[in-house]
1. Loop-only chymotrypsin sites (Phe, Trp or Tyr not before Pro) in segment 18-80, please: DSSP not H, G, I, E or B, and at most 14 other Cβ atoms within 10 Å.
2. If you fit an axis through the alpha-carbon atoms of helix 74-83 and take the longest principal axis of the Cα set of the chain, what angle between them do you get, 0 to 90°, nearest 10?
3. Given H placed on each backbone N at 1.01 Å, which residues far from residue 53 in sequence or on other chains put an amide H within less than 5 Å of it?
4. Any idea what the dipole of segment 4-105 comes to, in debye rounded to 20, about its Cα centre with Lys/Arg Cβ at +1 and Asp/Glu Cβ at -1?
5. For the chain, what does the alpha-carbon gyration tensor say about shape, rounded, prolate or oblate, given a ≥ b ≥ c as the root eigenvalues, a/c under 1.5 as rounded, and a/b over b/c as prolate?
6. Along the charge dipole of the chain, Cβ charges K/R +1 and D/E -1, which of 11, 66, 42 sits furthest on the positive end?
7. Each residue of segment 23-34 in order: what ³J(HN,Hα) in whole Hz does its phi give by Karplus 6.51 cos²θ - 1.76 cosθ + 1.60, θ = phi - 60°, with x for Gly and Pro?
8. Report, by chain and number, residues whose modeled amide H sits under 5 Å from the one on residue 13, excluding near sequence neighbours (fewer than 5 apart, same chain).
Amino acid sequence: MPTKKVVSDAGEILVLRTTLAGSRPRVWREVEVAASTTLAGLHDVLQVLMGWEDCGGLGGFAQLFAAHKNPRTEDDRELLEWVGEDWDPGAFDLNAVNQALSALRAPRRRR
């Protein structure tokens with residue numbers, strides 16, 4: 001359920017707060033989406049908003065985090081190579097997220 005509804009020139013806007021179940025500390029984000037957003041569109045928004053990598057859920061993230069903190073094995077080094085040397089599990093770049101969300105709203109050419 002939305003935490004708030006706002007009506008603007010662009011139409012009805014829903015303010016959604018999402019929390020990643022099972023995370024400690026609690027990981028949450030709040031975002032405004034058009035009320036007309038489809039489920040597929042919301043999926044795309046959440047992927048960007050949470051900064052998710054396809055690393056196998058919380059368990060995979062825990063393994064990736066441990067490898068980042070103290071790479072001990074060849075598997076750890078491969079994980080770090082996959083995610084990139086600039087990866088920071090504690091960082092949240094609001095400007096980068098906002099740019100990525102804007103790109104989702106950009107018109108797409110049909111083929």
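Each value in this text was obtained by applying a stated rule to the coordinates, not by laboratory testing. These numbers were taken from a predicted model, which means no experiment stands behind them. We place every Cβ from the backbone using ideal geometry, glycine too, and count neighbours over all the protein chains shown.
1. On the way: sites: 28, 52, 61, 65; in loops: 52.
Taking segment 18-80 and a limit of 14 other Cβ atoms within 10 Å, the loop chymotrypsin sites (Phe, Trp or Tyr not before Pro) found are 52.
2. 30
3. So residue 53 has HN proximity to no qualifying residue.
4. On the way: 10 positive and 16 negative charges, 132 e Å.
The calculation lands at about 640 debye.
5. Details: a/c = 2.78, a/b = 1.91, b/c = 1.46.
Taking the square roots of the gyration eigenvalues as a ≥ b ≥ c, the chain is prolate.
6. Going by the Cα projections, it comes out as 11.
7. 8, 9, x, 4, 10, 9, 9, 10, 9, 9, 10, 5
8. Those lying under 5 Å, H to H, from residue 13 are 6, 7, 8, 35.
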